[in-house]
Amino acid sequence: MFDPTDQPRVFGVSPGVDFPQALVDGLRQKLSGQPPEAIAQVDLIVNTRRMARRLREIFDAGPAGFLPNIRLLGDLDTIVPGLTLPAATPPLRRRLELIQLVSQLITADPSIAPRASLYALSDSLASLIDEMQGEGVSAEDIANLDVTDQSGHWERAKQFLDIANTYLSGMDAAPDAQARQRQLTQMIVAHWQDHPPQNPVIVAGSTGSRGTTSLLMQAVARLPQGALILPGYDFAMPLSQWPVLSGKTPPEDHPQYRFFDLMQNLDIDPPLQNWTQTPPPSSARNALVSLSLRPAPVTDTWLSEGPDLNDIDLATQNLTLLEAPTPRVEALAIAMRLRKAVNDGQKAALITPDRMLTRQVTAALDRWNILPDDSAGTPLHLSPPGRFLRHIAALFLRKLDAEALLVLLKHPLTHSGDGRNQHQLNTQLLEMRIRREGLPYPDIKGLLQVGTKAADKIEDSDSREAFMAWVTWVGETFCECPVDAEQSLSDWVTGHLGLAEKIAAGQSGDDKHELWQKKAGRKARDTVDALVEHAAHGGAMSASDYSDLIGALLSAEEVRDRDAPHPDVMIWGTLEARVQGADLVIMGGLNDGTWPEAPPPDPWLNRQMRLQAGMLLPERRIGLSAHDFQQAIAAPEVWLTRAIRSEEAETVPSRWLNRLQNLMNGLPDGQGKTALKAMRERGQYWTGQVRAIEAFDRVAPAPRPSPRPPVIARPHALSVTEIKRLIRDPYAIYAKHTLRLRPIDPLVQSPDAPVRGIIVHKIMELFIKSVRDDPDRLNRDQLIKITQEVLTNEVPWPAARLMWQARVERIADWFVKNEQERQKFATPMLFEEAAKGVHEFKDLGFRLKGFADRIDRTEFGDVLIYDYKTGNPPSAKEQKFFDKQLLLEAAMIEEGGFENVGVATVANAVFIGLGSSPREVAAPLDDEPPAAVLAGLHTLIETYLSAQQGFTARRLVKTEDIAGDYDQLARYGEWDGTTPATPEDLT
């Protein structure tokens, strides 16, 4: 296949050339005139499965013939017959072993690292071990580094590196994947030195960025019929500039550095031979980009070589620079261009490492029913089975609350066997009852109580019985999970999978559930099966550790479960783009921090230490990203896109885009500036298209509503507390009583102000009742005792119990002292349930009803009314105009409206404020006598029972910032308090 030579055989392929297609074309050219079976003797080693698939697709497209032996760099067992090694230690087993070792170290000395960092440290240590094996660096090499440690960080790091040393020392018996790959490569290289193969052996598509790969590539290049084919080799770079890539601190961030380093190791000089004569889409553009990416020390060559650049217009005529004001505009513009490519029959690809951008573009394409072929797929932990398994793992971690219960009951995989439809109906019925009754932390007893009340609404007895059987299944399945125990990983996995399958099977136990179905389900099953297989190496762990572990394992996997994506619209990461070809390439998210990505933090070694040890430098990752940029920008048509601002701040352009613009702006005769302006104008056209598609006709804001329903539909009964709302926000009364709309209670009842009020009222009622039975109990201790009992029985939130207990303790002395004064001249008579009153305006057909918190009677028969407030009680002036609760209750008592009180004189009515600054505020009974209060109420009700009176929204609210229950219905925000009301007659 190749002519004999003493020099290593290395070829290059220009950026922009479809590498897999060029590889196949070159093979066919070099084997022309030989028998058809000659190609079957070729060992073709490629770096990714994607590359292997693409090569097979090209060969399958014709003409008919034999295939070469396509192998992967990571699968070299059969390249030399009889030369192999035992299977590698599975990565999961190694991870579990490292987790145990790191956990023991943190347990022994918690000051080393917080336990929350257990998995991050274990993964980082595993990555370090991989790198050490791949680069041939031993633990002794790291330990012997010359380090002047001032902070003690190195001593702490060495404790973790001792773990790596211990782990590596046991590698000989059971090497992991990286160690096995290096050992096998060394064995193959040694064998080839004595018995070099005579058939062609080609390594294609790899840059040799890892030590083990570079070792193999060097050996292949020296074989009699061996060759390397390098992708994206810069033929436009002058020979005089290649030596700049060497030196004490080589510029590893340059896109061609890896190739130069490989040539240095092979003792060959540039230029390389061109593998195929296929020209790049634009040689002029390749030269322009090559010059822009020169290493920083020789950027002065722009001055000497820039004037020699020819055909700048030709180089940039198919380049578009889109600088969008926001990420949303960037995503929409990209989606619109991809849609045009579909209409024009172009094959188009978006290349970006920014997964947020890809999701936004995918969502925008859905407008035109275009589903892109996304190479990354969906992270398994975000798929339905992944979320399901994580939710169930969380059941072991914390006490079950209503939200967690309903999340699982509503999950599409729950009860996914027989009876799914009835399960959904039962879930809805249970949810509404939980919202109404309140069940913050469900248990079997609470669920049965709530379920019984929900079942009372079911008329059919068989259906009631079936519903209660389902509620029992829910309680027994979800409420019996151990919380935050510690047990072996094997027990955790067994319990987790058993519970997951039980919940998925449902009440009937149907094993034909959907949990392990479809691609995502099968992938999840493979993941947990691997964990079951290696669980014995995981040791004991807490529920928190297990939950973190299962989440980390699921997040490390991806699944592609998309239906019929469009064949000509692709989304690629930078790695996938190396082996693909497209007519239109959109390079998205060209901002620093995205292209290139910021190097991940290294908790072990700084840059200088890595350099001393011979390990990978952060610049190498940047150099590989620069190489991806250089290849992608050489496509036939290219878009360069970025957002000028992110959601938080102004962004910085990618360093390579910045270099390209700086070079073009400095080219003589204004050629570069003109070309750059044209690139921007092409981008501005598409941002204009986005503005056009996003344009809308402005709609007039909604008016401030003041509905006037028919008199018969207006409320003819209100409570005393609703009179304040009728005065301040009449629209809320209309929505509640005329439209009969009620706010849906929160799923998870929180210890908010209304709940606190209910609890404090109950505490005071029980305390006063106990004092009435035994006056000696009127003391602080009795109040605190009752408070503790009520909070224990009625308040399920530990933090709220402590806070409310402290609040009562702060006001206890003040309340007891004032209560002693109150009981000197009156005796508590009635409390909330019994203190019920009604007053009717028969001429209006209206009824006023209400409850008093507490009614006391003096020895002279007079009555005192008390109302407890957990916040600030209303002032006398506020009661006079708005909050008329006590005034109305006093008037009702004097009119005989309270049956258990009879007609009586109200001597006083007082709000008892139990807030942080306790105080009493009396109602202005002298200024607002009962007859005047009832007359005023009569006038108010008569007005609102008039067909001409509208129920104006937020008519006299206390403060504008307080949200009302019906503000959204009234479309508050489109209008404000200064907007005139718009009456509307309703029928």
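The values are calculated or read from the model by the stated rules, or taken from the named source; none is laboratory data. Everything numeric here is computed off the predicted structure, so don't read it as measured data. Counting neighbours? That spans all protein chains shown, and the Cβs are built from the backbone with ideal geometry, glycine included.
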Discussion item. If I go through segment 870-887 residue by residue, how many of them are basic (Lys, Arg) and touching a Lys or Arg at 6+ places or on another chain (Cβ under 9 Å)?
Written reply: 1
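Would you call Glu323 part of a strand (DSSP E or B), acidic (Asp, Glu) and outside the structural domain of Ala22 (by TED's automatic domain parsing)?
Numbers: part of a strand (DSSP E or B): yes; acidic (Asp, Glu): yes; outside the structural domain of Ala22 (by TED's automatic domain parsing): yes.
Yes: the conditions hold for Glu323.
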Discussion item. So the check is Cβ under 6 Å with 6+ separation or different chains; which pairs have a first residue in segment 289-310 that's on the phi < 0 side of the Ramachandran plot and a second one that's in a helix (DSSP H, G or I) and at pLDDT below 90?
Written reply: Leu291/Glu305; Arg294/Thr301; Pro295/Val244; Val298/Val244; Pro307/Pro668
Discussion item. Considering only residues that are hydrophobic (A, V, I, L, M, F, W, C) and within 30 Å of Arg847 (Cβ to Cβ), which ones fall in segment 692-716?
Written reply: Val711, Ile712, Ala713
Worksheet item: Quick check: is even one residue across segment 497-512 crowded, with 18+ Cβ neighbours inside 10 Å and β-branched (Val, Ile, Thr)?
Response: yes
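Out of the strands (runs of 3 or more DSSP E) lying entirely within segment 863-933, which hold 3 or more residues that are assigned by TED's automatic domain parsing to the domain that holds Lys836 and of a type in the set (A, V, I, L, M, F, W, C)?
Details: elements: 863-869, 906-913, 919-922.
Output list reads 863-869, 906-913.
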Worksheet item: Looking at (1) within 47 Å of the chain's Cα centre (by Cα); (2) buried (at least 19 other Cβ atoms within 10 Å of the Cβ), which is the one condition that is false for Phe767?
Response: (1)
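In the set Ala826, Ala753, Ala834, which member is crowded, with 19+ Cβ neighbours inside 10 Å and closer than 27 Å to Ala890 by Cβ? Steps first, please.
Numbers: Ala753 fails: crowded, with 19+ Cβ neighbours inside 10 Å; Ala834 fails: crowded, with 19+ Cβ neighbours inside 10 Å.
Residue meeting the stated conditions: Ala826.
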Discussion item. Quick test of your reading of the structure: Arg522 fulfils all but one of (1) surrounded by fewer than 21 Cβ atoms within 10 Å (Cβ to Cβ); (2) more than 30 Å from Gln256 (Cα to Cα); (3) touching a residue at least 40 places away in the same chain (Cβ under 8 Å). Name the failing condition by number.
Written reply: (3)
Worksheet entry | Residue among Arg294, Arg285 that alone is under 20 Å from Val17 (Cβ atoms) and among the charged types (D, E, K, R) | Arg285
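Of Leu448, Leu406, Leu430, which residue is crowded, with 22+ Cβ neighbours inside 10 Å and not in a loop (DSSP other than H, G, I, E, B)? Walk me through it before giving the result.
Details: Leu448 fails: crowded, with 22+ Cβ neighbours inside 10 Å; Leu406 fails: crowded, with 22+ Cβ neighbours inside 10 Å.
Exactly one residue qualifies, and that residue is Leu430.
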Worksheet entry | Wholly enclosed helices (runs of 4 or more DSSP H) of segment 191-301 bearing at least 1 residues among the hydroxyl-bearing types (Ser, Thr, Tyr) and farther than 29 Å from Gly74 by Cα | 283-292
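Condition check ((1) crowded, with 23+ Cβ neighbours inside 10 Å; (2) under 30 Å from Leu322 (Cβ atoms); (3) charged (D, E, K, R); (4) within 14 Å of the chain's Cα centre (by Cα)) across all residues:
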{"position": "Val342", "(1), (2), (3), (4)": "no, yes, no, no"}
{"position": "Pro353", "(1), (2), (3), (4)": "no, yes, no, no"}
{"position": "Arg359", "(1), (2), (3), (4)": "no, yes, yes, yes"}
{"position": "His381", "(1), (2), (3), (4)": "no, no, no, yes"}
{"position": "His391", "(1), (2), (3), (4)": "no, no, no, no"}
Practice prompt. Out of the residues in segment 390-403 that are in a helix (DSSP H, G or I) and touching a helix residue (DSSP H, G or I) at 6+ places or on another chain (Cβ under 8 Å), state the one that is nearest to Asp745 (Cα to Cα).
Written response: Ala402
Fill in: Of the criteria (1) assigned to a helix (DSSP H, G or I); (2) touching an Asp or Glu at 6+ places or on another chain (Cβ under 8 Å); (3) at pLDDT 90 or above, which one Leu515 fails
(1)
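Quick check, is Gln580 under 29 Å from Leu338 (Cβ atoms) and assigned to a helix (DSSP H, G or I)?
Working: under 29 Å from Leu338 (Cβ atoms): yes; assigned to a helix (DSSP H, G or I): no.
It is false that Gln580 is under 29 Å from Leu338 (Cβ atoms) and assigned to a helix (DSSP H, G or I).
How about segment 288-308: which of its residues are surrounded by 21 or more Cβ atoms within 10 Å (Cβ to Cβ), small (Gly, Ala, Ser) and under 14 Å from Leu667 (Cβ atoms)? Outline the logic, then answer.
Taking segment 288-308 and keeping what is surrounded by 21 or more Cβ atoms within 10 Å (Cβ to Cβ), we get 288-294.
Filter once more, so that each one left must be small (Gly, Ala, Ser): 290, 292.
Answer for segment 288-308, where residues must be surrounded by 21 or more Cβ atoms within 10 Å (Cβ to Cβ), small (Gly, Ala, Ser) and under 14 Å from Leu667 (Cβ atoms): just Ser292.
Would you pick out the residues in segment 722-737 that are more than 12 Å from Ala970 (Cβ to Cβ) and touching a helix residue (DSSP H, G or I) at 6+ places or on another chain (Cβ under 6 Å)? Before the answer, list the steps.
Filtering segment 722-737 down to residues more than 12 Å from Ala970 (Cβ to Cβ) leaves 722-728, 733, 736-737.
Hits for segment 722-737 are Arg725, Leu726, Ile733.
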Fill in: Single match in Leu766, Leu802 (criterion: closer than 21 Å to Ile912 by Cα and part of a helix (DSSP H, G or I))
Leu766
Worksheet entry | Filtered residues of segment 592-617 (kept if surrounded by fewer than 21 Cβ atoms within 10 Å (Cβ to Cβ) and not in a loop (DSSP other than H, G, I, E, B)) | Gly593, Glu597, Arg607, Gln608, Met609, Leu611, Gln612, Ala613
Item to complete: Determine whether segment 484-495 contains at least one residue that is in contact (Cβ under 8 Å) with a residue 24 or more places away in the chain and either part of a loop (DSSP other than H, G, I, E, B) or in contact with a His (Cβ under 6 Å, 6 or more places away or on another chain) (or both).
Response: yes
Worksheet item: Of all residues in segment 518-573, which are out of contact with any helix residue (DSSP H, G or I) (no Cβ under 7 Å at 6 or more places or on another chain), of a type in the set (Lys, Arg) and modelled with pLDDT of 85 or more?
Response: Lys518, Lys519, Arg522, Arg525
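Scan segment 681-702 and give yes if some residue there is in a strand (DSSP E or B) and closer than 30 Å to Thr943 by Cβ, otherwise no. Give the steps one after another, and end with the answer.
Here is the first cut: in segment 681-702, the residues in a strand (DSSP E or B) are none.
Among the residues of segment 681-702, not one is in a strand (DSSP E or B) and closer than 30 Å to Thr943 by Cβ, which makes the answer no.
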Worksheet item: Conditions: (1) within 44 Å of the chain's Cα centre (by Cα); (2) surrounded by 15 or more Cβ atoms within 10 Å (Cβ to Cβ); (3) closer than 21 Å to Lys884 by Cα. Leu945 meets all but one. Number of the miss?
Response: (1)
Item to complete: Please work out which one of (1) outside the structural domain of Ser14 (by TED's automatic domain parsing); (2) among the charged types (D, E, K, R); (3) at pLDDT 90 or above is the condition Asp300 fails and give its number.
Response: (3)
